[in-house]
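**Student:** My questions all concern the structure below.
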There are 2 protein chains.
Amino acid sequence: VIASLVNGRPGDRIAILDRGLQYGDGLFETIAVVDGRPALWKRHLDRLALGCRQLGIPMPDADLLRTEAERLIGDRTTAILKLVVTRGVGGRGYGPPADAEPTRILQLFDWHGPEGRPLALRICRQRLGIQPGLGGLKHLNRLEQVLARRECPQGEGLLLDTEGFVVEGIASNLFLLVQGRLHTPLIDRCGVAGVVRELVLEKARQAHQPVVVRRILPQELEEAEGLFLTSSLLGVVPVDELDGEARAVNIRHHPLLEEVADLAFKEHG
Amino acid sequence: VIASLVNGRPGDRIAILDRGLQYGDGLFETIAVVDGRPALWKRHLDRLALGCRQLGIPMPDADLLRTEAERLIGDRTTAILKLVVTRGVGGRGYGPPADAEPTRILQLFDWHGPEGRPLALRICRQRLGIQPGLGGLKHLNRLEQVLARRECPQGEGLLLDTEGFVVEGIASNLFLLVQGRLHTPLIDRCGVAGVVRELVLEKARQAHQPVVVRRILPQELEEAEGLFLTSSLLGVVPVDELDGEARAVNIRHHPLLEEVADLAFKEHG
């Protein structure tokens, strides 16, 4: 970590009674800082606000978060900004205190910027539990991802849900190119609705080539012409290997994905 | 909180980089201190060790934990001891660092001792996701319980899994008395395998009246002669109301449960 702010003050510690620690009662965002500015800022804040609403955590003031983010970034050009919002300090027991004040934590990490190189993808044995009440949110309950990463330390791991449908990468979303059309798994019962995923969906709608969002089975991946991963830190990258088998890398053949790959680090609103 | 120790030192703060906060990457135990001693200590430590093994977290030394617990309890007779073990401080990303040293947090809370009074039980809309890899463990990913408690702030809430089977209370396990025999839900795909639940199972085996452990549907609760909740802080208490309907309270008619209700605060090994 280069620097961090806890509730606006330089610091790197929180109370052990913070519900973020006690129960994972909070949310986070991982933001690419490129050219000195947090990329896709508005999209990250919108997702954070949605998560806060769903968990009943008061959303911190967006202008305040932006001011603190800029303070932390200073004159750095490239970095990773991690934003954590918890329900705040509580007592013992699952019930949130009525007067809890959210804790906001901003951390800046060293980063060399997006690499853009293809990734090898491997299907994890670890599955994602189905929990519609938390589906799509980037909350702090991340043991499934921790266990998956222990199993797949190299490249990216692909997570299926407990019913066997493809959901996402450990820290990325997945797109399939099938007969020239983009498909991506539904993120309604588990998984994280990534901001770059949202950007792909939006650009595809605008281009009148809407992405097909549906349940996808693992065997469909083999038949796809191309597989792509998206995330705030990857942008859009092709998969060049699936479970040890080489795959065609053809992002250049898909203008929409190329556009998003570029936009992912340039949209600063 | 009366007092707390972080890695053996008095303190009430941890690093924001602790994986307990970042990912809920850890476990906890809530222990009743009665007559100045932590009840069911060995059972709590056994569950903690099992959880550590499953998550790949090195288990802190049991004697050290006991020494620290006794130091914290001091000359108090009645209190709640909460023990948290996380994977320790890490960097950014889900992958655990190879050299992470577990963080151990001991907190002592005020408590007036077990009340033993019956509880009203209400079925929550919030469901438990099915995740066999974490089933039974008392890990730090507790958003499901937080959301359930927001929905059921009074009495105890009963959680079904996403397939509709009964699992447990928000902070307790459930037993049904059916034709004189105890039944309890399987805790294999979600839920916490409570230490008092284990004690009931063990005593029932010893008495040659083994508990029937199986999948249970909500409608079976209505037909049961009695419903009981178990936890480290409740011991064993009857349910006197189910979804607003009064229920018979008959723990005294069941010697085995009476024995466990008593033992739950007296077994100090």
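The values are calculated or read from the model by the stated rules, or taken from the named source; none is laboratory data. This structure is a prediction, so every number in the text was calculated from the model and none was measured. Every residue, glycine as well, gets a Cβ built from its backbone with ideal geometry; the counts of neighbours run over all protein chains shown. Accessible surface is based on the protein model in full, side chains and every heavy atom, while ligands, DNA and RNA are left aside. Shrake-Rupley method; radii C 1.70, N 1.55, O 1.52, S 1.80 Å.
**Student:** Considering every residue within the stretch A:175-190, establish whether at least one is more than 15 Å from A:Gly235 (Cα to Cα), aliphatic (A, V, I, L, M), crowded, with 21+ Cβ neighbours inside 10 Å and in contact with a helix residue (DSSP H, G or I) (Cβ under 7 Å, 6 or more places away or on another chain).
**Tutor:** Looking for residues that are more than 15 Å from A:Gly235 (Cα to Cα), aliphatic (A, V, I, L, M), crowded, with 21+ Cβ neighbours inside 10 Å and in contact with a helix residue (DSSP H, G or I) (Cβ under 7 Å, 6 or more places away or on another chain), one finds at least one in the stretch A:175-190, hence yes.
**Student:** Oh, and also: Considering only the stretch A:68-166, give the strands (runs of 3 or more DSSP E) lying wholly within it that have at least 3 residues that are touching a Phe, Trp or Tyr at 6+ places or on another chain (Cβ under 7 Å).
**Tutor:** By residue number, A:79-86.
**Student:** Just checking, does the stretch A:237-252 include any residue being of a type in the set (Val, Ile, Thr) and open to solvent by 40 Å² or more (accessible area, probe 1.4 Å)? Before you say what the answer is, go through the steps one by one.
**Tutor:** From the stretch A:237-252, those of a type in the set (Val, Ile, Thr) are A:237, A:239, A:249, A:251; that's our starting set.
Right, trim to open to solvent by 40 Å² or more (accessible area, probe 1.4 Å) and you get A:249.
Checked the stretch A:237-252: at least one residue is of a type in the set (Val, Ile, Thr) and open to solvent by 40 Å² or more (accessible area, probe 1.4 Å).
Residue-by-condition table, conditions (1) open to solvent by 40 Å² or more (accessible area, probe 1.4 Å); (2) at pLDDT below 95; (3) under 20 Å from B:Leu229 (Cβ atoms):
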| site | (1), (2), (3) |
| --- | --- |
| B:Leu108 | no, no, no |
| B:Trp111 | yes, no, yes |
| B:Pro114 | yes, yes, yes |
| B:Leu119 | no, no, yes |
| B:Arg127 | yes, no, yes |
| B:Gly135 | no, no, yes |
| B:His139 | no, no, no |
| B:Gln145 | no, no, yes |
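**Student:** How about the stretch A:75-92: which of its residues are closer than 29 Å to A:His112 by Cα and either within 13 Å of another protein chain (Cβ to nearest Cβ) or open to solvent by less than 50 Å² (accessible area, probe 1.4 Å) (or both)?
**Tutor:** From the stretch A:75-92, those closer than 29 Å to A:His112 by Cα are A:75-86; that's our starting set.
Within the stretch A:75-92, A:Thr78, A:Ala79, A:Ile80, A:Leu81, A:Lys82, A:Leu83, A:Val84, A:Val85, A:Thr86 qualify.
**Student:** Being open to solvent by 40 Å² or more (accessible area, probe 1.4 Å) and more than 8 Å from chain B (Cβ to nearest Cβ): is that true of A:Arg150 here?
**Tutor:** no
**Student:** Under the condition of being more than 11 Å from chain A (Cβ to nearest Cβ) and more than 19 Å from A:Phe109 (Cβ to Cβ), which residue from the stretch B:93-103 is nearest to the chain's Cα centre (by Cα)?
**Tutor:** B:Pro102
**Student:** Could you list, in sequence order, the residues of the stretch B:215-228 that are modelled with pLDDT of 95 or more and open to solvent by 60 Å² or more (accessible area, probe 1.4 Å)?
**Tutor:** Across the stretch B:215-228, the qualifying residues are B:Arg215, B:Leu217, B:Gln219.
**Student:** Okay, moving on. Taking the criterion of being farther than 26 Å from B:Glu29 by Cα, touching a Lys or Arg at 6+ places or on another chain (Cβ under 7 Å) and not hydrophobic (A, V, I, L, M, F, W, C), would at least one residue in the stretch A:72-89 satisfy it?
**Tutor:** Taking every residue of the stretch A:72-89 in turn, at least one turns out to be farther than 26 Å from B:Glu29 by Cα, touching a Lys or Arg at 6+ places or on another chain (Cβ under 7 Å) and not hydrophobic (A, V, I, L, M, F, W, C).
**Student:** Quick check, is B:Leu234 open to solvent by less than 20 Å² (accessible area, probe 1.4 Å) and among the hydrophobic types (A, V, I, L, M, F, W, C)?
**Tutor:** The answer is no for B:Leu234.
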